[in-house]
Each structure stands twice: as structure tokens, then as C-alpha cells.
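Undergrad: Questions regarding the structure given below will be posed in turn.
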Amino acid sequence: MQNSSFAKRIFGQDRNILQLLVITVLVFALMSYLNPDKFLRYYNFESITYIMPELGILAIAMMIAMLTGGIDLSVVGIANLAGILAGVFFHSVIVGTSQSTGMLLLYTGIGVLMALAIGLLAGVLNGFLISKLRITPILATLGTGQIFTGLAVVLTGGPAIVGFPDAWNFIGNGKILGIATPFILFVVVAGAVAVLLTRTTLGVNLMLIGTNPRAAIFAGLRKDRMIFYSYMMTGLLAAIAGVILSGRTNAAKSDYGASYLLQAILIAVLGGTNPAGGKGRVLGVSIALIALMLLSSGFQILRFSNHLIDFIWGGFLLLVIALNAFRNTDR
Amino acid sequence: MTLFRRSEFIIACILFAAMIIIGLINPAFWSLDNLFGLLRSNVIIGIMALGVLVVMISGGIDVSFTAFAAAAMYLTIKLMIYTGYEGVFLPFVAATLIGLFLGAFNAFFIHTFRMIPLIVTLGTGSVVRGLLLGLVGTSVINIDKMPQQLIAFAKTDLVSLTSATGTNFGLTAMILIYLGLALVTHLFLRYTLAGRSIFALGGAPEAANRVGFNTRRTLIFVYCFAGALAGFAGLLHGSMIWLANPRDFAGLELDVIAAVVLGGASIFGGRGSVIGTLLGVFMLVMVKNSLIIMKVDTTWQRVVVGLIIIVATALTAWRDRKKLV
């Protein structure tokens, strides 16, 4: 009995999580069948744990924006700007190799804080435009996304910034107890967001606002302030993704991860987030993330070109839309 | 009195003010050479913007049209080369039909599954571009392989002049196609029942349905129209630059949407006009192209476009503020 109630609590009321698990198993089975010797290697799964976190955190950020019926099209711009700003900082303070390890660690710490601060600031700008100036989230973040990417171009002049300190690379490439550092970061971030959304006033308020904005106002919720906070969170998460991305590739560039925007939206929607607001769970997004990472790594092993993988992502998005529509008409 | 409160009037005023400022910074702005060049740059973005305008009036949004434009351009030109067809009219019909067909997919998904247009069109755009680059090819078709008649057609000038330095320049006749399409769209939106049904759908979908408009047909029409115009603009673009690059138009959707919003259309639907869009397109193209004249580094281009979107949307949000909860 206790087992089933625990399962119920994990899966929640929505059958979405169950459907996701089925999709994941199916994808796993299909890919194992298509390339049994290469797909099932430990190396393949290990590399997934390195690539997955940045995209997963962006998808969670997208989910938070979608909870109130919004969207954040500037996440990739924020992520790149955060990485580039840190890179510019390192270039200006670290001259030569004569620095001691302690100083380098300190600089890396400052760099991380700078990256997170710019993410928070970007989120504040988005939140201000959306909740105070009442610009539609699509257009506001479309505009700010251009600004952030544009600033990234201005800062770099076009080419990638390379040469990050070792500690920075550890964030994206290192291992703690045999587990990828970015993966550990992802678990921590996902857990924190899950707690924030389900156990705090802010999270519950966001769900209520997304379900019925008018009722939320009449119930006395501070809608504007909550939406403002949600975009700050989105910005901060995007910056974390940016740190991991530039740490993993040891470089930062204004047009990195351009296809991540579509993928983040896809993972959020596939994970059961309702783009019209009010519904979304970190667990759902995480399972969707795993399913899609397995899918794309499988196709990469099959030597599909990146363009065809883009096609598959887009097709999957449309398929999920159709699936969700059919599931909703059942009721 | 009403003239001064119309948003088109305000946009026109801002446009003139901007032109005067740019002209003061660098008088070269007013040279015929530059002005003709600006008008030429309006054509492709403008034709696409007419489609996006109609989608936005209906309360939707489309970010897939640039992928459709690339697909229509590349497929049509590949087909022309493959069959050795020489001509102008049929290829444009073909490109328009390809765009229309792809637009029908958008309409199908948006209507059947009641999904947010932004997410559907993100998906269809990715599918079409992925298939085009993954299956059809990534290689650029160069001028020596391009169908010569298309190039000759797009080279037609209304006025041809020779500048002081001896180079030839002219006003492209393609501007007439753009203005013609704009006029047709304007008359259609204003004076036909189908055109009014688009405003009705965007203003209040439920009300439009109850009054007896066939909202399904309107929705299908709107996305097919946007797709068709994008397909047409795609082939025209290839003809005008003498190249067919399947990677073209990436990211252009942001500029086009910005231009339409700048022209006073509301993303909530029900508001927008062709005249406003023409002005918005001209404004966006002018500011982007004039950065070089104003000696601003081109790396700032995206920042400027972003700022324009923010300012334009902030103004329209302020205009529509009473409508919001």
C-alpha cells in the first residue's frame, strides 16, 4: 500500500509522467536495437551526462517562464552572454601563466558570480518589460534576446573567446566521484527548482497565476511581482547553463547553442508543461530530457547529419503536440 | 482629429524624424543611390511582412515562414536547373504554391490540435529547414548555374541613372510587385468579408464564431497566405541576388516580426494595417542599413534591432494598456 501511495505521489495525478516513461523506454529499446554495439556502451551514456545538463537547465528555465503562460526566447542569448562576459573578465585579469592556483580559483569564483549576476540582471530586464511595461513575453524576450546576443557580438567582435582557467573547465568537464560535474549541478539545480515550485509560496502562486490570471488577482496574489521573480529565475538558470556550456567547450561564442532554443521549448512541452500556463513539473521535464538525449545520441551514432536531427526534433515536437491533443480529448 | 491619433500617423512622424536625423549625421543618406538601395532592401522583407501582418491580425504568429521561403526558392531553382526550364511566370507560381502548401501544414496543426502558433511554427520551421538542408542539399547555387531569365527579370529597373563616379544604379521594378501586393492585401483586408473575418477572429475568436464567421476557413487562409507570400518572396530574393543559398533567411523572421510590430500591429490580434506595416518595414530597413552611414560599427546591428523591438512593443503595449486585465 505504502508503495503505491509513494508511486502516486511521484507520478502525481497526471498520466503524463507515465506516458513519458513509456516513450523513454521505447526510444531506448529502438536505439539499442538499431545499433546494439555502439549505443549500449558506457562511454555513450557518460557523454550524455556531459551534454545533457546545459540543455536540461535551459528547458527548466523555459518551463518556469511557461508556468505563467509566458515564454522566454532570450535564454540562449543570456547563456552566451554570461559565458562571454566571464571570458572577457578572465582575459583582462589573467595575463600570462604566472598566477598562483589560489588566485586562479578566486578569479574563477568571481567569473562565476559575474556570469550569474548578468543572468539575474537579464532576468530583471525581462521581468520589468513583461510585468511592468506589460509587453507580451514573446515580443519582449524576442527583443531582449537580440540585445543579449548583440552585446555578445559586440564584446567578442565575432570569433569565439577561448582560454578559460582550469577550474572553469572543471565545471563543464570535470568529475566528482566518477560522476560528471555538470550532471551533479543539473541534479542540484533541478532539485532546488522542484522544491521551489512545489513547496514555496512563490511556486504555488506561479501555478495559480498560470491557471487563471484574473482569479489570481482577485484572490489578492501579487501577480506582477511573482511574474517578475519567475523571469529572474529564468535568467539565473540560463546563466548557469551558459557557465556549464562554456566550461564544457572551453570557449564562448555569440551563436553557440542556437538550436537549443527549439530544443528547450520542445523538452518543456514534451515534459508536460502547458505553454498556456498553470502546469509543469521538473520531473516531467527531466524524463523528457533523457528521452530526447537518447534519441539524438542514437541518431548521431547512426551518422545522421545535424540537419536531419533538427528535422527529427521538429517532427517530434509536432508529434507530441498531436499526442497531447488526443490525450486531452479523451477526458 | 482622428488622423493625429492614428498609429500610422505617429509612425510616419517618427520615420521622418529619424530620416532627418540620419540625414544630418551624414548627408549621403539623401543621395538617390542610397535611397534606391533602401527601397530595394524593402522588397523581400516587405512581402514577407504582409503575410506576417495578416497572421498577426488573426491573433497568431508565424516564425516558420523564412524556412518556407528558403525551401520554395531552393526547390524551385533546383527543379528549373534539372528540367532546363527557361521562364519566369511558372517558377514564381511554383514557389508560391510550395509556400502555400507548407503554410497549410501550420494551419492544420494549429487548428486541429489547438496548439499555440508560436510552438507549432517553431516545429514546422525546424522540420522544413532540416529536411531541406539534410535531404535536398546545402550547396549554394551560383550565378553561372542560376536560370538566366530569372536574373534578367529581377534586373529590370524603373529608372536607370549614372552616378558622378560613373557607376550605374537604378530603382528596381520589383518595388512595384511589392507595392502591388501591398495594395491587394490592403483592399482585401479592408473591403472584403473574408478580410474582415480575419480582424474578427483576432479581436474575439469566440464572438467571431458565434456571429457566423467560418473561423476554421479564416485560420487556414491566414497561414496559407503567409506561406504563399514567403514562397514568392523567397524566389524573388534568389533572383535579385543571383544566388540560391538554402541557408538564407535564417533569423530574418525576427526582423520581419519586428517590422510588423513597429508598424502598429498588435500581437493579440485584431489590430494592424498595411500602411503601418509598409512604414514599419521601411523604418527597420532604414535604421539597419543606415548604421554604416552613421559610422556605427556593424556589430551593434542586432542590439539596435532588439532595442527597436522593445521600444515598438512598449509603445503598442502602452497604447493597448486598457485592454489588459
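Undergrad: Quickly run through region B:20-59 and pick out the residues that are open to solvent by 30 Å² or more (accessible area, probe 1.4 Å) and within 18 Å of residue B:251 (Cα to Cα).
TA: B:41
Undergrad: Then there is this: Where the second residue is aromatic (Phe, Trp, Tyr) and the first is open to solvent by less than 50 Å² (accessible area, probe 1.4 Å) and lies in region B:192-209, which pairs have Cβ atoms under 7 Å and are six or more apart or on separate chains?
TA: Partner pairs satisfying both residue conditions: B:195/B:188; B:197/B:213; B:200/B:213; B:201/B:213.
Undergrad: On to the next question. Taking the condition surrounded by 15 or more Cβ atoms within 10 Å (Cβ to Cβ) and of a type in the set (Ser, Thr, Tyr), does residue A:249 pass?
TA: Working: surrounded by 15 or more Cβ atoms within 10 Å (Cβ to Cβ): yes; of a type in the set (Ser, Thr, Tyr): yes.
Here the answer is yes, as residue A:249 does meet what is asked.
Undergrad: Still on this structure, I have one more. Do we find that residue B:100 is more than 14 Å from chain A (Cβ to nearest Cβ), open to solvent by 10 Å² or more (accessible area, probe 1.4 Å), touching a strand residue (DSSP E or B) at 6+ places or on another chain (Cβ under 7 Å) and in contact (Cβ under 8 Å) with a residue 40 or more places away in the chain in this structure?
TA: It is false that residue B:100 is more than 14 Å from chain A (Cβ to nearest Cβ), open to solvent by 10 Å² or more (accessible area, probe 1.4 Å), touching a strand residue (DSSP E or B) at 6+ places or on another chain (Cβ under 7 Å) and in contact (Cβ under 8 Å) with a residue 40 or more places away in the chain.
Undergrad: Could you go through region A:248-271 and let me know if any residue there is in a helix (DSSP H, G or I), of a type in the set (Lys, Arg) and farther than 30 Å from residue B:299 by Cα. Working first, answer last.
TA: Residues of region A:248-271 that are in a helix (DSSP H, G or I), as a first pass: A:248-249, A:260-270.
Now narrow it down to the ones that are of a type in the set (Lys, Arg): A:248.
The next check asks that each one be farther than 30 Å from residue B:299 by Cα; those that pass are none.
No, there is no match, as no residue in region A:248-271 is in a helix (DSSP H, G or I), of a type in the set (Lys, Arg) and farther than 30 Å from residue B:299 by Cα.
Undergrad: Considering only region B:130-149, state which residues are open to solvent by 30 Å² or more (accessible area, probe 1.4 Å), more than 7 Å from every other protein chain (Cβ to nearest Cβ) and in a helix (DSSP H, G or I).
TA: Residues of region B:130-149 open to solvent by 30 Å² or more (accessible area, probe 1.4 Å): B:131, B:135-136, B:138-140, B:142-145, B:148-149.
Next, only the ones that are more than 7 Å from every other protein chain (Cβ to nearest Cβ) stay: B:135-136, B:138-140, B:142-145, B:148-149.
Listed by number, the residues that qualify are B:135, B:136, B:148, B:149.
Undergrad: Which of (1) in a helix (DSSP H, G or I); (2) over 16 Å from residue B:250 (Cβ atoms); (3) within 13 Å of another protein chain (Cβ to nearest Cβ) is the odd one out, the single condition residue B:115 does not satisfy?
TA: Of (1) in a helix (DSSP H, G or I); (2) over 16 Å from residue B:250 (Cβ atoms); (3) within 13 Å of another protein chain (Cβ to nearest Cβ), only one is false for residue B:115: (1).
Undergrad: In addition: Residue A:265 versus (1) under 14 Å from residue A:17 (Cα atoms); (2) crowded, with 23+ Cβ neighbours inside 10 Å: which is the lone unmet condition?
TA: Residue A:265 satisfies every listed condition except (1).
Undergrad: Please give the helices (runs of 4 or more DSSP H) falling wholly within region B:214-325 in which 2 or more residues are in contact (Cβ under 8 Å) with a residue 24 or more places away in the chain and within 11 Å of chain A (Cβ to nearest Cβ).
TA: B:252-262, B:301-319
Undergrad: Looking only at residues in region B:103-115 that are of a type outside the set (Phe, Trp, Tyr) and crowded, with 21+ Cβ neighbours inside 10 Å, which one is nearest to residue B:66 (Cα to Cα)?
TA: My answer is B:103.
Undergrad: State which residue is least open to solvent (accessible area, probe 1.4 Å) when the search covers only region A:198-221 and only residues that are within 14 Å of another protein chain (Cβ to nearest Cβ) and not in a helix (DSSP H, G or I).
TA: My answer is A:221.
Undergrad: Just one of (1) within 22 Å of the chain's Cα centre (by Cα); (2) polar (S, T, N, Q); (3) at the interface with chain A (Cβ under 8 Å from one of its Cβ atoms) trips up residue B:156, so point out which.
TA: Exception for residue B:156: condition (3).
Undergrad: Being within 17 Å of residue B:266 (Cα to Cα), part of a helix (DSSP H, G or I) and of a type outside the set (Phe, Trp, Tyr) is the filter here, so list the residues in region B:191-210 that pass it.
TA: B:195, B:196, B:197, B:198, B:200, B:201, B:202, B:203, B:205
Undergrad: Now for a different question. What about residue A:177, is it farther than 26 Å from residue A:229 by Cβ and free of Cβ contacts under 8 Å to residues at least 60 places away in the same chain?
TA: Taking the combined requirement at face value, the residue satisfies it.
Undergrad: Let me ask you something else. Could we say that residue A:285 is within 14 Å of chain B (Cβ to nearest Cβ) and open to solvent by less than 10 Å² (accessible area, probe 1.4 Å) here?
TA: Details: within 14 Å of chain B (Cβ to nearest Cβ): no; open to solvent by less than 10 Å² (accessible area, probe 1.4 Å): yes.
Answer is no for this residue.
Undergrad: Quick check on this structure: which one of A:240, A:290 is surrounded by 24 or more Cβ atoms within 10 Å (Cβ to Cβ), of a type in the set (A, V, I, L, M, F, W, C) and in contact (Cβ under 8 Å) with a residue 60 or more places away in the chain?
TA: Result: A:240 is the single residue among A:240, A:290 that is surrounded by 24 or more Cβ atoms within 10 Å (Cβ to Cβ), of a type in the set (A, V, I, L, M, F, W, C) and in contact (Cβ under 8 Å) with a residue 60 or more places away in the chain.
Undergrad: Looking at (1) open to solvent by 20 Å² or more (accessible area, probe 1.4 Å); (2) at pLDDT 85 or above, can you tell me which one residue B:121 breaks?
TA: Unmet for residue B:121, out of (1) open to solvent by 20 Å² or more (accessible area, probe 1.4 Å); (2) at pLDDT 85 or above: (1).
Undergrad: A follow-up question, please. Can you tell me how many residues in region B:60-97 are surrounded by 20 or more Cβ atoms within 10 Å (Cβ to Cβ), under 24 Å from residue B:142 (Cβ atoms) and among the hydroxyl-bearing types (Ser, Thr, Tyr)?
TA: Residues in region B:60-97 being surrounded by 20 or more Cβ atoms within 10 Å (Cβ to Cβ), under 24 Å from residue B:142 (Cβ atoms) and among the hydroxyl-bearing types (Ser, Thr, Tyr): 3 in total.
The values are calculated or read from the model by the stated rules, or taken from the named source; none is laboratory data. Model, not experiment: these values are computed from the prediction. Every residue, glycine among them, receives a Cβ derived from its backbone with ideal geometry; neighbour counts consider all protein chains shown. What goes into the accessible areas is simple: the full protein's heavy atoms, side chains included, and nothing from ligands, DNA or RNA. Shrake-Rupley method; radii C 1.70, N 1.55, O 1.52, S 1.80 Å.
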